[in-house]
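Here's the structure, in structure tokens; my notes come after.
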């Protein structure tokens, strides 16, 4: 069995997800084995029992509260060269680690490596909807004849019409990024804000053109709740205003409101 001492999955655990064990199983079933860690700022006997059952270390974030603080803690709680911040509700395909590590090694200047994905709704997978197709179209434009983007200009242009990168698929190259702090002024789009921060660093954004994650969409997810509470829309507006004048942002947000209806 292949294994890697250079890559870690850090599961971002919150309260008592009924799906987290499926996530753990998918990480244990990778074709290349990686270190698995669980971090939480909401400790419970449920998580302690789960960690013991699967022989996975459980770390408690006792510091600053909030999603961004948890992500920063997760990123820094491992010493491996590469880290994936795994969302507790999602399922990773068996070849995720192997494919991403291969790309990271072949692109020595990589900052992040990310993949395509599909969704899981009511236990049924879906490969296409408006939001998925928009993201894939953006990636197609930039990555048709290449695997990586290196220049500042092209990396920034990747986000002109939104964030096409699915955050749980991201493998961060800690060797090239170094210490990193996620922006605590965001609660839902902190991955998008983080990517824009990385745009300014020298290095590559590498795309593995394979569907290697199943992202679960359900009514209790943070993403769904953020849409209901308009948090996602407000954060979208803040980020789009870094690229476009406000009248154009309003048009883009109206188009995105149609795409968000598929989140359920």
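The values are calculated or read from the model by the stated rules, or taken from the named source; none is laboratory data. The structure presented is a predicted model; accordingly, all values stated were derived computationally and were not measured. We place every Cβ from the backbone using ideal geometry, glycine too, and count neighbours over all the protein chains shown.
Which is more than 28 Å from residue 161 (Cβ to Cβ) and out of contact with any helix residue (DSSP H, G or I) (no Cβ under 7 Å at 6 or more places or on another chain), of 65, 103? Walk me through how you get there before you give the answer.
Details: 103 fails: more than 28 Å from residue 161 (Cβ to Cβ).
65 is the lone residue from the list that is more than 28 Å from residue 161 (Cβ to Cβ) and out of contact with any helix residue (DSSP H, G or I) (no Cβ under 7 Å at 6 or more places or on another chain).
Pairs, please: C-beta under 8 Å, at least 6 apart or cross-chain, first residue modelled with pLDDT under 65 and in the stretch 205-233, second part of a strand (DSSP E or B)?
Pairs that qualify, where the first residue is modelled with pLDDT under 65 and the partner is part of a strand (DSSP E or B), are 223/217; 224/217.
Under the condition of being touching a strand residue (DSSP E or B) at 6+ places or on another chain (Cβ under 8 Å) and within 12 Å of residue 150 (Cβ to Cβ), which residue from the stretch 200-219 is surrounded by the fewest Cβ atoms within 10 Å (Cβ to Cβ)? It would help to see each step written out before you state the result.
Looking only at the stretch 200-219, we keep the residues that are touching a strand residue (DSSP E or B) at 6+ places or on another chain (Cβ under 8 Å), and these are 201, 203-218.
Now drop any that are not within 12 Å of residue 150 (Cβ to Cβ), which leaves 201, 203-206.
On the way: 201: 13, 203: 20, 204: 23, 205: 24, 206: 25.
Among those that are touching a strand residue (DSSP E or B) at 6+ places or on another chain (Cβ under 8 Å) and within 12 Å of residue 150 (Cβ to Cβ), it is 201.
So, restricting to helices (runs of 4 or more DSSP H) that lie completely within the stretch 1-114, which ones have at least 1 residues that are under 18 Å from the mean Cα position of the chain (by Cα) and surrounded by 18 or more Cβ atoms within 10 Å (Cβ to Cβ)?
Of the helices (runs of 4 or more DSSP H) lying wholly inside the stretch 1-114, those with at least 1 residues that are under 18 Å from the mean Cα position of the chain (by Cα) and surrounded by 18 or more Cβ atoms within 10 Å (Cβ to Cβ) span 20-28, 67-76, 96-106.
Within the stretch 135-156, take every residue that is more than 20 Å from the chain's Cα centre (by Cα) and assigned to a helix (DSSP H, G or I) and give me the one that is surrounded by the most Cβ atoms within 10 Å (Cβ to Cβ).
Filtering first and then ranking leaves 154.
Specify the residue that is nearest to the chain's Cα centre (by Cα); the eligible residues are those in the stretch 244-264 that are modelled with pLDDT under 85 and assigned to a loop (DSSP other than H, G, I, E, B).
263
With respect to residue 120, is the statement that it is in contact with a strand residue (DSSP E or B) (Cβ under 8 Å, 6 or more places away or on another chain) and assigned to a helix (DSSP H, G or I) true?
Working: in contact with a strand residue (DSSP E or B) (Cβ under 8 Å, 6 or more places away or on another chain): yes; assigned to a helix (DSSP H, G or I): no.
So residue 120 does not fit the description; no.
Using the structure shown, decide if residue 118 is under 20 Å from residue 215 (Cα atoms), at pLDDT 95 or above and in contact with a helix residue (DSSP H, G or I) (Cβ under 7 Å, 6 or more places away or on another chain).
no
Failed condition for residue 197, given (1) surrounded by fewer than 16 Cβ atoms within 10 Å (Cβ to Cβ); (2) at pLDDT below 95, with all others met?
(2)
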